[in-house]
Amino acid sequence: QKKIETWFWRVALSEDYGSSTESKLARDFPDLVRWIEDDLKPERLDLLGFNAGRLDTLTSRLSAAYKAVNALLLREGCRDFVSGKAADKSTFHSMPLDIHHVFPKHWCRVAGGEAARLVDSIVNKTPISAKSNRSIGGAAPSDYLPRVVASAKITTEILNDLLASHLIDPALLASNQFEAFFQARKLALCKLIGAAIGKPVSNVPEVEEPSAGPDDDLIAEMPLDSADPDFDEAA
């Protein structure tokens, strides 16, 4: 099972089956059987990996790697912002999770710079429910996080735990530090991907020390009347 999992994540995250699917499948199947039965690892498997730079341009939900990153987050047990529930058989139909922006499109486009350039990257997206997405709206995280706290009737500490289940740094999000958030989450996703494919991700960026973020209780101190009527659509 572990060998099949390694093969699956490598071909999915490397987007290897994006072309010549039939010929690759015809070659992979007997190679996988030999690997399982005789422990003869397919040579082609070592050629498949993941480049950290691909996360910046991974924007299309048609991409196998885009779907795979989403699947990895769900497998790790990321929980919905409002309900606090993870995706499983009991919630799959009653509370479907879809990919939505963490920093909303509207905010990123107004902010400009790297936020506008990287807004649709999978690094800035995560699986949450439609209700959570409506709570986010199109406002800055410093504005929408108090709304999530109020809507879910939870404490800031619980919300921080929910955000961490998505590999999101709560302090960087609450202080609207897009670039630092993006850098930290990109690194966390690289570690998650590396564990899944059983080899290090290539070209992982150096991590810069972010500027000081807010105190843990900053979210609770923010005003709750800053709702934005616009909400960020799934992308």
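Looking at region 8-35 only, could you name the residues that are part of a loop (DSSP other than H, G, I, E, B) and free of Cβ contacts under 8 Å to residues at least 24 places away in the same chain? First the steps, then the outcome.
Restricting attention to region 8-35, the residues satisfying the condition of being part of a loop (DSSP other than H, G, I, E, B) are 14-15, 19-20.
Within region 8-35, 19, 20 meet the criteria.
Determine whether residue 202 is within 14 Å of residue 102 (Cβ to Cβ) and either in contact (Cβ under 8 Å) with a residue 12 or more places away in the chain or of a type in the set (S, T, N, Q) (or both). Let's see the steps before the verdict.
Numbers: within 14 Å of residue 102 (Cβ to Cβ): no; either in contact (Cβ under 8 Å) with a residue 12 or more places away in the chain or of a type in the set (S, T, N, Q) (or both): yes.
No: the conditions fail for residue 202.
Could you check region 107-129 and list, in sequence order, the residues that are closer than 20 Å to residue 147 by Cβ and at pLDDT 95 or above?
107, 108, 110, 111, 124, 125, 126
Can you tell me which residues in region 95-129 are open to solvent by 50 Å² or more (accessible area, probe 1.4 Å) and in a helix (DSSP H, G or I)?
Listed by number, the residues that qualify are 106, 107, 109, 110, 111, 113, 114, 117.
Would you point out the residue of region 31-70, among those that are open to solvent by less than 30 Å² (accessible area, probe 1.4 Å), touching a Phe, Trp or Tyr at 6+ places or on another chain (Cβ under 7 Å) and hydrophobic (A, V, I, L, M, F, W, C), that is farthest from residue 101 (Cα to Cα)?
Per the stated criteria, the residue is 32.
For region 92-124, enumerate the residues that are β-branched (Val, Ile, Thr) and more than 16 Å from residue 142 (Cβ to Cβ).
Step one: filter region 92-124 for residues β-branched (Val, Ile, Thr), giving 99, 102, 110, 119, 122-123.
Hits for region 92-124 are 99, 119, 122, 123.
Among the residues that make up region 71-88, is at least one of them in a helix (DSSP H, G or I), out of contact with any helix residue (DSSP H, G or I) (no Cβ under 9 Å at 6 or more places or on another chain), open to solvent by 80 Å² or more (accessible area, probe 1.4 Å) and more than 23 Å from residue 4 (Cα to Cα)?
If we filter region 71-88 for residues that are in a helix (DSSP H, G or I), which is where we start, we get 71-75.
Among the residues that remain, those that are also out of contact with any helix residue (DSSP H, G or I) (no Cβ under 9 Å at 6 or more places or on another chain) are: 74.
From what is left, the residues that are open to solvent by 80 Å² or more (accessible area, probe 1.4 Å) are none.
Taking every residue of region 71-88 in turn, none turns out to be in a helix (DSSP H, G or I), out of contact with any helix residue (DSSP H, G or I) (no Cβ under 9 Å at 6 or more places or on another chain), open to solvent by 80 Å² or more (accessible area, probe 1.4 Å) and more than 23 Å from residue 4 (Cα to Cα).
Residues that are over 19 Å from residue 105 (Cβ atoms) and at pLDDT below 95: list the helices (runs of 4 or more DSSP H) wholly contained in region 130-235 that include at least 2 such residues.
In region 130-235, the matching helices (runs of 4 or more DSSP H) lie at 141-152, 218-221.
Residue by residue through region 130-159, note down the ones that are without any contact (Cβ under 8 Å) to a residue 60 or more places away in the chain and either crowded, with 20+ Cβ neighbours inside 10 Å or hydrophobic (A, V, I, L, M, F, W, C) (or both).
Answer for region 130-159, where residues must be without any contact (Cβ under 8 Å) to a residue 60 or more places away in the chain and either crowded, with 20+ Cβ neighbours inside 10 Å or hydrophobic (A, V, I, L, M, F, W, C) (or both): 130, 132, 135, 140, 141.
Let me confirm something: among 139, 184, 195, which residue is under 18 Å from residue 103 (Cβ atoms) and under 19 Å from the mean Cα position of the chain (by Cα)?
None of the others qualify; the one that does is 184.
The values are calculated or read from the model by the stated rules, or taken from the named source; none is laboratory data. Worth saying up front: this structure is predicted, and the values here are computed from it rather than measured. Every residue, glycine among them, receives a Cβ derived from its backbone with ideal geometry; neighbour counts consider all protein chains shown. Accessible surface areas use protein heavy atoms only, side chains included; no ligands, DNA or RNA. Shrake-Rupley method; radii C 1.70, N 1.55, O 1.52, S 1.80 Å.
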